[in-house]
Amino acid sequence: MILTEEQRESFESVARPMIAWLNEHCYPHVSVITDCTKAELLEGVNSFNTDDYIRDYMVDDLPTPGSCVPPAVKDLGDIELNDEWEEKG
């Protein structure tokens, strides 16, 4: 997803109050995941991080501005692509 400067500023303006709330009411191992229908408060009990499986996308594979569909979706074939997508070939 590619954001405009205005979208980045808007995101920051709504994220800052949540970050402040977490710092006032929680300890550092608590996080929030927010989507279009809920905000979930989580506690990190254990974590293992690796970048061994991250796909190295080419610049042409990046999504168009405003699109949330990851590049890998183009390879599924059984779904309709958004009008914003162009097949690269």
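Readers should treat all values here as calculations from the given coordinates under stated rules, not as data from a laboratory. Because the structure is a prediction, the values reported are computed rather than measured.
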Whole-Hz Karplus ³J(HN,Hα) for region 24-29, in order, using 6.51 cos²θ - 1.76 cosθ + 1.60 and θ = phi - 60°, x for Gly and Pro?
-> 7, 10, 10, 10, x, 8
Give me the number: length gained by fully extending Tyr53 to Ala20, i.e. 0.36 nm times residue separation minus the C-alpha to C-alpha distance, one decimal in nm.
-> 8.6 nm
